[in-house]
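All remarks here apply to the structure that follows.
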Amino acid sequence: MGKKKVTSTDIAKAAGVSQSTVSMVLNKKYNVSFSKETVRKVEEAAEALGYVPPGRKSRKGSRKERLLVVFCSNLTNPYYVMLLQGIESRAKEQGFGLFVCNTQRDLRMEERYLKMMWELRPLGIIYTCNPSECFMGLVEELSVHIPVAIINNQNEKLNVDAVELDNSKLGRMMARHLLELGHRHVAYIAPPLTVRQKQRSKRVEGFLKEFAEAGIRDNVIIKAAKEELDLDIAHIDSEYKIGYDLTKELLSETKEITAIVGLNDMIAFGILDALQEAKIKVPGDISVMGCDNTLFARMHKVALTTIEHFVIFKGRDACDIIMKKIASHNSKYSEIEPISTYHVEYEPKLIIRGTTSYVKRRKKK
């Protein structure tokens, strides 16, 4: 027979008090006053008898929360919200909870969260972007003990599982579309192109390479925001403002361009509004492109031409990788645990909508 369950009546007999007193003391009903001696007697009797409160499991039988941690560089860009949506939908299906670490591209915040992982010990960690280069070693060290998946730029060399994105290919696709439409004088607007944000630079490099192969690399104007902007906390309109402000600046500097590209859809929306304010027709006078195919890309007044690279699916895949690693660890079929590295990549797709068209022939004066 199993061990008899200890009740509040048993504790009352051992402590020499009433059952109602035991109930109120153990449930910390402080609206009734008890002497320190009474409280001490009840608590010591409960501990000696091994009392477990109803609805709770003993510490020995408790189960750790099925928790996954997600690192995000910011939550103001719909791209990261879409990744989270994909991760959360899969995690929920599998009964996992999420703890989101918004680093705001702050090295101190990222380091603080990474150090917390040793104590928090989640069942898995997902990075929605490349870890900062100075923490690559720490992330790889964590991955030895906790499954880690990174949604990263394909060109980064990391010995961890990854859902990969070839940003250079995205840039090339954007450039190729504009070249096919006859655009020879274009501008590319981007957030700060810092060393830490290599994925941005890869997208720009791919774009420039395509124009270089067409022999007109010098016809591309790159306008990137100042590096200090990456030190500020991102606001909901931060990237929109980059597109808007740099387009206004661009229009004051040149009249030759026939197309403007935003590194992402949020920047492209800022470009569109700046052009509208300047009474420049899109795509009649200037074509505009974005990237990421966020929800808003098809909700704007003129639906945005953009690149679809299946962001939500990437979030789900990153979560699937973690699940596979957990399952592999929990169901060993030999004394040696297999070492596997997963790499998933989607082929991006050009989504042509209403903001790009063939170059309008300019009338000869």
>> Between Leu98 and Glu44, what is the label-point separation in nm under the 7 Å Cα-to-beta-carbon projection?
In response: 5.1 nm
> Out of these labelled values of Rg/Rh (Cα atoms, Kirkwood Rh), [x] 1.33; [y] 1.06; [z] 1.19, which was calculated from the coordinates shown here?
Replying inline: [z]
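Could you rank Asp166, Asp285 by how accessible they are, 1.4 Å probe, largest area first?
Asp285, Asp166
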>> What number comes out for accessible area per residue over region 73-118 if the probe is 1.4 Å? Units Å², please.
In response: 50 Å²
> For the Cα atoms of the chain, what angle does the longest principal axis make with the long axis of helix 167-180, in degrees from 0 to 90, nearest 10?
Replying inline: 30 degrees
>> If you average the alpha carbon positions of region 89-131 and of region 200-253, how far apart do those two centres end up, in angstrom?
In response: 30 Å
> Given springs between every Cα pair under 10 Å in a Gaussian network model of the chain, which of Ile326, Ile189, Ile260 has the largest fluctuation?
Replying inline: Ile326
> Put a dot 7 Å past each Cα toward the Cβ at Phe296 and Tyr358; how far apart are the dots in nm?
Replying inline: 3.3 nm
> Of the residues Ser18, Ser143, Ser73, which exhibits the maximal mean-square fluctuation in a Gaussian network model of the chain defined by a 10 Å Cα contact cut-off?
Replying inline: Ser18
>> Just to make sure I understand: if all protein chains stay in place, what is the order of Glu345, Glu256 by accessible area at 1.4 Å, largest first?
In response: Glu256, Glu345
>> In Å², and per residue, what accessible area does region 201-336 have when probed at 1.4 Å with the other protein chains present?
In response: 50 Å²
>> Just to be sure I understand: with springs between alpha-carbon atoms less than 10 Å apart, which residue in Tyr79, Tyr127, Tyr342 has the highest mean-square fluctuation in the Gaussian network model of the chain?
In response: Tyr342
> Taking the Cα centre of the chain as the origin, how large is its charge dipole in debye, to the nearest 20, when only Lys and Arg (+1) and Asp and Glu (-1) carry charge on their Cβ atoms?
Replying inline: 1020 debye
> What's the FRET efficiency of Lys324 with Ile236 using the Cβ-Cβ distance as r and R₀ = 22 Å, to the nearest 0.05?
Replying inline: 0.05
> Can you tell which of Ser328, Val163, His177 lies farthest toward the positive end of the dipole of the chain, using +1 and -1 charges on the Cβ of basic and acidic side chains (Lys, Arg; Asp, Glu)?
Replying inline: Ser328
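Restricting to DSSP H runs of at least four residues, report the calculated mean residue ellipticity at 222 nm for the chain, -39500 (n - 2.57) per run over all residues, nearest 500 deg cm²/dmol. Intermediate results must be reported in sequence, preceding the final value.
Numbers: 11 runs with 149 residues, N = 365.
Per the formula, -13000 deg cm²/dmol.
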> Any idea what the dipole of region 129-266 comes to, in debye rounded to 20, about its Cα centre with Lys/Arg Cβ at +1 and Asp/Glu Cβ at -1?
Replying inline: 460 debye
>> Can you give me the angle between helix 36-49 and the longest principal axis of the chain, using Cα atoms only, in degrees from 0 to 90, rounded to the nearest 10?
In response: 90 degrees
> Taking the simple approach of a point 7 Å from Cα along Cα-to-Cβ for both Thr254 and Val344, what is their distance in nm?
Replying inline: 4.0 nm
> In terms of solvent-accessible area of protein heavy atoms at a 1.4 angstrom probe, what is the ranking of Met174, Met136, highest value first?
Replying inline: Met136, Met174
> When the accessible area of the chain is split by element with a 1.4 Å probe, what percent falls to carbon and sulfur?
Replying inline: 52 percent
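The values are calculated or read from the model by the stated rules, or taken from the named source; none is laboratory data. Remember, predicted model here, so these are calculated numbers, not experimental data. Backbone-built Cβ (ideal geometry, glycine too); neighbour counts: all protein chains shown. Protein only, heavy atoms only, side chains kept; ligands, DNA and RNA dropped before computing areas. Shrake-Rupley method; radii C 1.70, N 1.55, O 1.52, S 1.80 Å.
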